[in-house]
1. Please go through region 52-110 and give me each residue that is in a loop (DSSP other than H, G, I, E, B) and charged (D, E, K, R), ordered by number.
2. Please indicate, with yes or no, whether at least one residue in region 30-43 is modelled with pLDDT of 95 or more and small (Gly, Ala, Ser).
3. Which one of these is open to solvent by less than 10 Å² (accessible area, probe 1.4 Å) and charged (D, E, K, R): Asp303, Asp200, Asp270?
4. Cβ contacts < 7 Å: first residue closer than 13 Å to Ile207 by Cα, restricted to region 268-288; second residue assigned to a helix (DSSP H, G or I) and open to solvent by 40 Å² or more (accessible area, probe 1.4 Å), any location; separation 6+ or different chain. Result?
5. Suppose we keep only residues that are polar (S, T, N, Q), outside any loop (DSSP other than H, G, I, E, B) and out of contact with any Asp or Glu (no Cβ under 9 Å at 6 or more places or on another chain) within region 7-51. Which one would you say is most open to solvent (accessible area, probe 1.4 Å)?
6. Does Ala103 fit the bill of being over 15 Å from the mean Cα position of the chain (by Cα) and either crowded, with 22+ Cβ neighbours inside 10 Å or not polar (S, T, N, Q) (or both)?
7. Kindly indicate whether Ala168 is open to solvent by 30 Å² or more (accessible area, probe 1.4 Å) and among the aliphatic types (A, V, I, L, M).
8. Which condition breaks for Ala224 when tested against (1) in contact (Cβ under 8 Å) with a residue 60 or more places away in the chain; (2) assigned to a helix (DSSP H, G or I)?
Amino acid sequence: MILIQNAEIVNEGTRYRASVVIGNERIQSVTREEVSIQPDMQVIRGEGLLLLPGIIDDQVHFREPGLTHKGDIRSESRAAVAGGITSFMDMPNTIPQTTTIEALNDKFDIASRKSLANYSFFLGATNDNIEELKKKEAQRAAAIKVFMGSSTGNMLVDNPHSLERIFAEVNHLIAAHCESEEIIRANKERYVKAFGEELDISFHSKIRSREACFASSSRAVELAKKYHARLHLFHLSTAEEMELLEAKPLKEKKITGEVCIHHLWFTDADYARLGNRIKWNPSIKTIRDREALRQALREGKLDVVATDHAPHCWNEKQGSCLQAASGGPMVQHALTVMLELCRQGVFTPELVVEKMAHAPAELFRLKDRGYIREGYYADLVLVDPCQSWTVQADNLLYRCGWSPLEGETFSHKVVMTFVNGNLVYDNGRFNENYLGKELQYRDRR
């Protein structure tokens, strides 16, 4: 058994000093009383530390299978637990794409042999795999991923009839990447005609514009309302899109929204300093958009904070705006960034826990996760709120070996991460023999 003694717990909207006893993978007790120490009990002193529920990241690209030169389930789950992420949900644009039940099951099998964190996977939609999405076995997936903006291979769902059928017939949560391909193509053609092919990074947010985001998100919301579907809008990035969401409790919503760390931290002013390091789809936008996203998170319009962790090798991030790969690594630093925003007065630790642990557990109806509660799995993170450290190349754990946050100094540091009651990360050391579990769900209807 493990005793975490006298930590400051942040959970379910409150902060209080208490001790947690862990045994048989689960939280045995949470108490403010003195705990009798047993002979076989490992005692971890929590004084001065924050104890949070493990972070649940509902959008990562861990690149396996087929793209493992960028990262794989082992390397990126390792970085994730070092950042306090105890569960992840991985996207379907791998090689082969996760657009069949067979490919989905193959990814679960890989994770069962390699992942240090708990895991699930999305099943990807195409214009012609709707019958696959409707199979009972598809319920094993975290949700159905629909790319309503550019993607690899045939995963751009751009057939209006196919989109209608997905929203009308698929009995599963639909998670959408929303950018209008038509608007993006027109923008690209206009800027290339005016300035040539070698466009610098400042053009990225002009090509993948706010209009492209809002047009596509609006269409997704329209379809969800028409067919009474459950819709989760991934990585929203504009002030205008916040008008599509309602400020009410998540349990009362059928349409929910996610915001990513990079859209809460960076603005388009950072392109001059960081260049392609902060090239994402959807693009980083203005300070007005960033402030609107922060406000929407505080007031309950936005429900979940995620990473969209998408590592690329450094050479793949080179070239013009039209050539450099979109995406960047973030799982090792996501919680740290959010707690830094708390130090700056933007958010509170209670809100961070709500949006990064409680809300993902509720949205995806995870079984016994996302909270510090007796009987729940002991997915826990200990954070030192007074340990200053700087992101540097020599402390990065991503296989790609770079971060857009290099050189940033933060005030909070993850010191220990427990996955299912096992101490998997301890001050820079890993329990490499431990493997996480497949995420299980409550009734999902």
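1. From region 52-110, those in a loop (DSSP other than H, G, I, E, B) are 54, 61-72, 83-84, 91-100; that's our starting set.
Across region 52-110, the qualifying residues are Arg63, Glu64, Lys70, Asp72.
2. Within region 30-43, none of the residues are modelled with pLDDT of 95 or more and small (Gly, Ala, Ser).
3. Working: Asp200 fails: open to solvent by less than 10 Å² (accessible area, probe 1.4 Å); Asp270 fails: open to solvent by less than 10 Å² (accessible area, probe 1.4 Å).
Only one candidate passes the filter, namely Asp303.
4. Ile284/Asp268; Lys285/Arg210; Lys285/Asp268
5. Within region 7-51, the first condition is being polar (S, T, N, Q), and the residues that meet it are 11, 14, 19, 24, 28-29, 31, 36, 38, 42.
Restricting the remaining residues to those that are outside any loop (DSSP other than H, G, I, E, B) gives 11, 14, 19, 28-29, 31, 42.
Add one more test, that the residue is out of contact with any Asp or Glu (no Cβ under 9 Å at 6 or more places or on another chain), and what stays is 31, 42.
On the way: Thr31: 35, Gln42: 86 Å².
This residue is Gln42.
6. Working: over 15 Å from the mean Cα position of the chain (by Cα): yes; either crowded, with 22+ Cβ neighbours inside 10 Å or not polar (S, T, N, Q) (or both): yes.
Answer is yes for this residue.
7. On the way: open to solvent by 30 Å² or more (accessible area, probe 1.4 Å): yes; among the aliphatic types (A, V, I, L, M): yes.
Against the criterion (open to solvent by 30 Å² or more (accessible area, probe 1.4 Å) and among the aliphatic types (A, V, I, L, M)), Ala168 qualifies.
8. Among (1) in contact (Cβ under 8 Å) with a residue 60 or more places away in the chain; (2) assigned to a helix (DSSP H, G or I), Ala224 violates only (1).
The values are calculated or read from the model by the stated rules, or taken from the named source; none is laboratory data. Just so it is clear, the model here is predicted, and its values are computed rather than measured. Because the Cβ atoms are built from the backbone with ideal geometry, glycine has one as well, and the counts that use them run over all protein chains shown. For accessibility, only protein heavy atoms count, side chains too; no ligands or nucleic acids. Shrake-Rupley method; radii C 1.70, N 1.55, O 1.52, S 1.80 Å.
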